[in-house]
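Asks: Just dropping this structure here.
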Amino acid sequence: MKVLKFVILLFCCTLTTVGFSQKKDKLKIIYAGKGFTNNNSEDGALTFLRDNQQQVHFVHNGVNLYCDKAVWYKKQDFIEAFSNVKMVQGDTITMTAKYVEYSGKTELAFARGDVILKEPASTLTTEKLHFDRTKQQAYYDTSGKVVRDSSGTITSRIGRYYMQPKKYQFIDSVVLVNPEYTLKTKRLDFFNESGHAYIFGPSTITGENDKIYCERGFYDTQEDFGYFERNAKIDYDDREVKGDSMYFDRKLNFASATNNIVVTDTINNSIAKGDYAEVWKAKDSLFITGRALAISVQEKDSIYMHSDTLMLTGPEEHRITRAYYNAKIYKSDLAGKADSIHADHKTGLTEMINLSRFSTNDPFATKRKPVIWNLDNQMSGDTIHLISNVETKKLDSLKVFYNAFLVSKDTISDDGYNQTKGKELIGLFKENKLYNVDIIKNAEVIYYSRNGIGELIGINKSKSGSINISIDNNEIQEIRLINKVDGDLSPESLFPKNANRLRGFDWRGEERPNSVEDLFKDDPPLKLPVIKGLDDYVPPEDFFDKDVRARVKAAEPNDKTKENKAARNIPDPSNSSGQQKTKAPNKKLIQEVKSDNKKKASGN
C-alpha cells in the first residue's frame with residue numbers, strides 16, 4: 001500500500017508537464033499537490049489535493065477545472081471537485097462554486113453552492129446550476145440572479161443561458177430591477193449583447209411616474225423604448241392609455257398606440273378614443289385621430305365630442321381640448337357641429353369655429369357654419385361660444401357672433417318654423433335648458449302665435465333693433481321687440497307663402513346627432529390597419545431532452561451493478577412533480593477538504 005501511494009504521488013508530480021497518456025476526449029489531470037487511493041475507494045477512485053502553491057487542475061476539450069480537492073472516477077471519466085471550484089471555458093465563460101461534478105463522456109457539469117457563472121456582459125448567481133458543454137447551455141431551477149451593468153438585475157425561479165446567441169431565458173417570477181424601472185413578467189427572453197428583452201405573459205414595467213402592462217412585449221433595455229400588445233396599457237400619472245398595440249420611449253417621455261385606443265384622464269374625468277394616439281408626457285399633450293372621440297364624464301349626462309383629430313394639451317389644472325375637421329358634440333339635451341372646436345376646461349369656454357377656408361363667399365359655406373341644437377332650438381352663426389360652470393359642469397350661456405340665427409319648428413304646422421336672426425345672439429341656460437335669448441342688432445323674427453289650446457292666431461313677421469325671447473318648457477312664452485322698426489301679426493291666410501323664411505334660413509335638423517352612434521354616421525367605413533404583432537409564445541425545449549438522456553445512457557458503465565455517475569443529477573422523467581433527484585456529494589470528502597484548508601491557514 002505504501003509503495004502504491006509513493007508511485008501515485010511521484011506520478012502526479014510529473015503530470016504538470018506531460019499529463020496522463022489518455023485520449024484527447026478523456027479528462028486529464030495537469031497538476032495536483034498530492035494524490036492517493038486505497039482499498040476503500042469507490043471503483044478505484046483517485047483523490048487529489050492541492051498544495052500551498054496551486055490548486056488541483058484538470059482539463060477536458062478546452063475547459064480547465066480548478067479545485068482544492070478532486071475525486072476522479074477514471075473508469076467512468078467522471079470527477080467530483082470540492083472547495084473553491086472554478087471552471088474556465090476559453091476566455092469568455094467562468095463558473096465558480098463550492099462543489100462541481102463533471103462527466104467527460106457527456107460533457108455535463110453540475111454545480112452546487114454559491115454558483116457564479118460569468119461572461120463578459122453579465123454575472124449569473126444561483127445555488128445549483130447545470131452546464132451542458134455540448135449544447136453550450138446553462139440551466140437552473142432553484143432561483144437565480146443575473147447582474148448586467150447596463151440593464152440592472154434580473155431574478156427568476158427558472159433560467160437558462162444559451163452561450164452561442166448570448167441569450168438568457170427566464171421563467172416564473174421574473175423580475176428585472178433597473179434604476180429607472182422594475183419589470184415583472186412570467187417569461188423573459190433576454191439577449192445579452194443587444195439588451196433586447198422579449199416579454200411573455202402578464203407583465204408590468206413600473207417607473208417612477210409611469211406603469212406599463214401587457215401580455216406580450218418587447219423592450220430595448222439599452223435605448224429605453226418598447227413595443228407592447230395584448231391588453232396593453234400605460235399609466236401616465238393621471239392618464240391611462242390602452243390600445244391593441246403600443247410604443248413607449250422612456251427617454252422622450254413619449255407613447256403611441258394603434259387600434260381601439262382608450263385614454264382615460266382620472267383627474268379631469270375624461271375619456272378619449274380613436275384608432276391612433278400619441279402622448280407626450282413632458283408637454284402634457286395627447287393627439288388622437290381616426291374616429292376620434294372625447295368624453296367628458298359627468299354624473300348624469302356625459303358630453304361626447306367627435307372629429308377627425310383631437311388634441312388635448314396642458315396640465316391638469318388648465319387642460320385644452322381641440323377638435324378639428326367635421327367636429328361634433330352630443331349630450332342628451334345638446335348637440336352641435338363645427339369645422340373646429342376649442343374647449344378650455346379651466347375657464348369653461350368652448351368655441352365652435354368656422355374654418356377660414358370656408359369663407360362666407362363660398363357657395364358651400366352654409367352647411368359648414370357652426371350650429372347648436374338645444375332641445376328643439378337650433379342656433380347657428382359664424383362662431384359660437386358655449387360657457388359652462390367649471391364647478392357644476394352645466395351650461396351657463398352661449399354667444400353667437402355674426403349671422404346669428406335661431407330656429408325652432410312650429411309644434412303643429414307641417415312646414416312652419418319660428419325664426420329669429422340678427423348680428424349676434426346671447427342665450428342663457430338654467431339646468432342646461434335655454435330660457436332666455438337676446439338677438440342684438442338688425443333683428444328679425446317670424447313667429448307662429450297660438451292661443452292656449454294650440455290654435456294659430458297669426459304669424460308675426462317683424463324687424464327691430466333687438467329682440468328678447470323668453471322660453472319655458474321648450475316653448476316660447478314671450479317675444480319682446482326692442483326699438484321696433486316695422487312688422488305686424490297676419491292671419492295665416494293673408495301671410496305670403498314665399499315670405500315664411502328669413503334670408504339665410506337653413507334648417508339642419510337631419511344633421512343633428514341624436515345618439516353617440518350618430519356622431520360617426522358621416523365617417524367613411526372603418527378600416528383598421530393590420531398589426532403584424534410579435535410572435536406567439538413557444539414553450540422552450542426541455543433542457544434534459546432526448547439528446548442529453550442519450551448521452552447519459554451511453555455513459556453507463558459496463559458493469560450494470562455500478563452507479564452511472566453521469567446520471568446522478570439528471571431529473572427522473574417519470575417523476576410527476578418535476579423535481580430532480582439529486583445525490584448529495586460525499587460529506588466525508590467535504591470534511592477532509594475543510595480540514596486541509598484549516599491546516600494550510602495554520603501553516604502546517
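Asks: By per-residue mean of other Cβ atoms within 10 Å, what is the highest-first order of 496-503, 89-96, 200-207?
Replies: So the peptides 496-503, 89-96, 200-207, ranked by packing, come out 200-207, 89-96, 496-503.
Asks: Does the stretch 200-322 classify as rounded, prolate or oblate by the C-alpha gyration tensor (a ≥ b ≥ c root eigenvalues; a/c under 1.5 gives rounded; else a/b over b/c gives prolate, otherwise oblate)?
Replies: prolate
Asks: Quick one: net charge of Leu502's neighbours, Cβ under 11 Å, K/R +1, D/E -1? Mind showing how you got there, number by number?
Replies: Details: positive: Lys421, Lys461, Lys463, Arg501, Arg503; negative: Glu444, Asp506.
Charge balance in the 11 Å sphere: +3.
Asks: Count the net charge of all other residues whose Cβ sits under 15 Å from the Cβ of Gln89, scoring Lys and Arg as +1 and Asp and Glu as -1.
Replies: Values: positive: Lys86, Lys118, Arg133, Lys135, Lys166; negative: Asp91, Glu107, Glu119, Asp132.
Neighbourhood net charge equals +1.
Asks: Calculate, for the chain, the solvent-accessible area per residue in square angstrom, rolling a 1.4 angstrom probe over the heavy atoms of the protein chains.
Replies: That works out to 49 Å² per residue.
Asks: Compute, for Ile440, the solvent-accessible surface of its heavy atoms (probe 1.4 Å) with the complete set of protein chains present, and express it in square angstrom to the nearest 10.
Replies: 60 Å²
Asks: Still on this structure, I have one more. When 1/r is averaged over all different Cα pairs and the result inverted, which Kirkwood radius in Å belongs to the stretch 372-468?
Replies: Mean inverse Cα-Cα distance, inverted, gives 14.1 Å.
Asks: Mean Kyte-Doolittle of at least 1.0 and a Cα length of 15 Å or more along the axis: which whole DSSP H helices of the chain meet both?
Replies: Details: long enough: 2-18 (25 Å, 1.94); 587-602 (23 Å, -1.54).
Passing helices, by number: 2-18.
Asks: Run the dipole for the chain about the Cα centre, Lys and Arg Cβ at +1, Asp and Glu Cβ at -1, nothing else charged, and hand back the magnitude in debye, nearest 20.
Replies: The dipole of the chain has a size of about 3800 debye.
Asks: Could I have the simple spin-label model distance between Glu316 and Asp25, label points 7 Å from Cα toward Cβ, reported in nm to one decimal?
Replies: Taking the simple label geometry, Glu316 and Asp25 are separated by 6.9 nm.
Asks: What nm value, rounded to one decimal, do you get for the distance between Thr94 and Trp507 when each label is placed 7 Å out toward the C-beta?
Replies: 9.1 nm
Asks: Could you list, in their original order, any pairs among Lys393/Lys484; Lys26/Lys98; Lys167/Lys546 whose Cα atoms are separated by more than 29 Å?
Replies: Result: Lys393/Lys484 exceed 29 Å.
Asks: I would also like to ask the following. Considering Cα pairs under 8 angstrom that are at least six residues apart, work out the relative contact order of the stretch 202-254 and quote it in whole percent.
Replies: Reported as a whole number, the value is 29 percent.
Asks: With a 10 Å radius around each residue's Cβ, average the other Cβ atoms per peptide and rank 526-533, 468-475, highest first.
Replies: Those peptides, ordered most packed to least, come out 468-475, 526-533.
Asks: Give the accessible area for Glu42 in Å² (nearest 10); use a 1.4 Å probe, count only protein heavy atoms, and leave out ligands, DNA and RNA.
Replies: Rounded to the nearest 10, that gives 90 Å².
Asks: Please list Asp572, Asp339, Asp376 in order of solvent-accessible area, largest first, computed with a 1.4 Å probe with all protein chains present.
Replies: Values: Asp572 50, Asp339 5, Asp376 90 Å².
Result of the area sort, largest leading: Asp376, Asp572, Asp339.
Asks: Something else about it: Once neighbouring chains are kept in place and the probe is 1.4 Å, which whole percent of the accessible area of the stretch 112-222 is contributed by carbon and sulfur? Don't skip to the end; give the middle numbers.
Replies: On the way: 2100 of 4240 Å².
With neighbouring chains kept in place, the figure for the stretch 112-222 is 49 percent.
Asks: How high is the relative contact order of the stretch 257-327, given as a whole-number percent (alpha carbon pairs under 8 Å, six or more residues apart)?
Replies: Contact order relative to length: 23 percent.
Asks: While we're looking at this one, here's another question. What do you reckon, how do Ile116, Ile372 stack up by accessible area (1.4 Å probe), largest on top?
Replies: Ile116, Ile372
Asks: Further question: Rg and Dmax in Å for the chain, alpha carbons only: what are they?
Replies: 41.6, 144
Asks: Tally up the carbon and sulfur contribution to the accessible surface of the stretch 444-565 as a whole percent, 1.4 Å probe, everything protein left in place.
Replies: 49 percent
Asks: Within the stretch 277-324, what whole-number % of the accessible surface is contributed by carbon and sulfur, with the 1.4 Å probe and all protein chains included in the calculation?
Replies: 51 percent
Asks: Let me ask you something else. Please give me the summed charge of the neighbours of Leu395: other residues whose Cβ is under 14 Å from its Cβ, Lys and Arg +1, Asp and Glu -1.
Replies: Overall, the nearby charge balance is +2.
Asks: List the relative contact order of the chain as a percent without decimals, with contacts defined as Cα pairs under 8 Å and 6+ residues apart.
Replies: Result for the chain is 6 percent.
The values are calculated or read from the model by the stated rules, or taken from the named source; none is laboratory data. Bear in mind the structure is a predicted one, so any value in this text is a computation, not a measurement. Please note: Cβ atoms are built from the backbone with ideal geometry, for glycine as well, and neighbour counts cover all protein chains shown. All accessible areas refer to the heavy atoms of the entire protein, side chains included, with ligands and DNA or RNA removed. Shrake-Rupley method; radii C 1.70, N 1.55, O 1.52, S 1.80 Å.
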